[in-house]
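First up is the structure itself, then whatever we jot down about it.
Please treat every number below as a calculation from the coordinates, not as lab data. Here the structure is a predicted model, which is why all the values come from computation and not from measurement. Don't worry about glycine lacking a Cβ; one is built from the backbone with ideal geometry, like all the others, and counts go over all protein chains shown.
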Amino acid sequence: MIFETHAHYDDEKFDGDRVELLSHLLRENNIGKIVNIGASFKGCKDSLELATTYDDVYAALGIHPENLEDMSDEALDWIRQNASNPKVVAIGEIGLDYYWVKDEEQRAKQRLWFNKQLDLAKELKLPVVIHSRDAAEDTFNTIVGYNTQDNKGIVHCYSYSKELALEYVKMGWYIGVGGVVTFKNGRKLVETVEAIPLSSIVLETDCPYMAPEPFRGQRNSSIYLKYIAEKIAQIKNVSVEEVEKVTYENALKIYSKVKG
Ligand SMILES: [Zn+2]
């Protein structure tokens, strides 16, 4: 069975078949557990609703750096209040995204809310799901300042160097590997997977985005995680079953509120 650590089934691209997927289709395709990740305020509410509707679905609550118009102390309070729900297993996705944002004031705003959400995760004793794009150094420095024995997380859709990945691994953090590892131009992520131990990898789609080959560009779903597991098995020279088993155990370790 496969553990899907990062999906967005609240997205409108699933309006036509969300119920079939979450009620039985994913399970029939070897997907055991799913964490639906909030990115906007509405996405958090929808994630919580999916998690309370379907046994195998859990939720992460957080506001993505590109959706900070949704962020306020009230929104943060809503997350705090709802995080005690047994199906809420993480704070995320939170982080820094400098790809589109060149303005220093906006970047400072991202850092402010990233830190506030990290503080909340610490207060709630929940792991975090990190989104980081074109912000390697600021993200890493923030995490180094945040990291303790009890405060860990997943660096989702990992896109930086293998050297930096090894630094995260050394701190006991997990690296989220998705469809990019199957892309022709995904060499950098392949090198990262080569360099880090399987015990630090979790599987993720980020669906509806990031479909692996041979479905690149189409709508993604957790059913395609097997292609990512196959690619990792090939890189690590182990069986696909081994990749599925170890990454499943890894996901249970970091998302410790999920019942095995
Ligand atoms: Zn995501």
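Tally the residues that are more than 16 Å from the ligand (Cβ to nearest atom) and part of a loop (DSSP other than H, G, I, E, B), restricting the search to the stretch 135-160.
Going through the stretch 135-160 one residue at a time, the tally reaches 5.
Can you pull out every residue in the stretch 46-55 that is over 14 Å from the mean Cα position of the chain (by Cα) and either within 15 Å of the ligand (Cβ to nearest atom) or in a helix (DSSP H, G or I) (or both)?
Once the filter is applied, which keeps residues that are over 14 Å from the mean Cα position of the chain (by Cα) and either within 15 Å of the ligand (Cβ to nearest atom) or in a helix (DSSP H, G or I) (or both), the stretch 46-55 yields Asp46, Leu48, Glu49, Leu50, Ala51, Thr52, Thr53.
Out of the stretch 98-109, which residues are of a type outside the set (Val, Ile, Thr) and buried (at least 17 other Cβ atoms within 10 Å of the Cβ)?
Those that are of a type outside the set (Val, Ile, Thr) and buried (at least 17 other Cβ atoms within 10 Å of the Cβ): Tyr98, Arg107.
All but one of (1) buried (at least 21 other Cβ atoms within 10 Å of the Cβ); (2) assigned to a helix (DSSP H, G or I); (3) of a type in the set (Gly, Ala, Ser) hold for Ser199, so report the exception by its number.
The failed condition is (1).
Taking the options Gly43, Gly95, Gly32, name whichever one is part of a strand (DSSP E or B) and surrounded by 20 or more Cβ atoms within 10 Å (Cβ to Cβ).
On the way: Gly43 fails: part of a strand (DSSP E or B); Gly32 fails: surrounded by 20 or more Cβ atoms within 10 Å (Cβ to Cβ).
Just one listed residue meets the conditions, Gly95.
For the stretch 149-157, does any single residue satisfy the condition of being basic (Lys, Arg), free of Cβ contacts under 8 Å to residues at least 40 places away in the same chain and within 24 Å of Glu249 (Cα to Cα)? Show your work before the answer.
First pass over the stretch 149-157, keeping only residues basic (Lys, Arg): 152.
Within this subset, residues satisfying the condition of being free of Cβ contacts under 8 Å to residues at least 40 places away in the same chain are none.
Scanning the stretch 149-157 turns up no residue that is basic (Lys, Arg), free of Cβ contacts under 8 Å to residues at least 40 places away in the same chain and within 24 Å of Glu249 (Cα to Cα).
If I ask for residues that are more than 15 Å from Lys257 (Cβ to Cβ) and within 16 Å of the ligand (Cβ to nearest atom), which ones from the stretch 73-109 would you list?
Glu93, Ile94, Gly95, Leu96, Asp97, Tyr99, Trp100 - these are the residues of the stretch 73-109 that are more than 15 Å from Lys257 (Cβ to Cβ) and within 16 Å of the ligand (Cβ to nearest atom).
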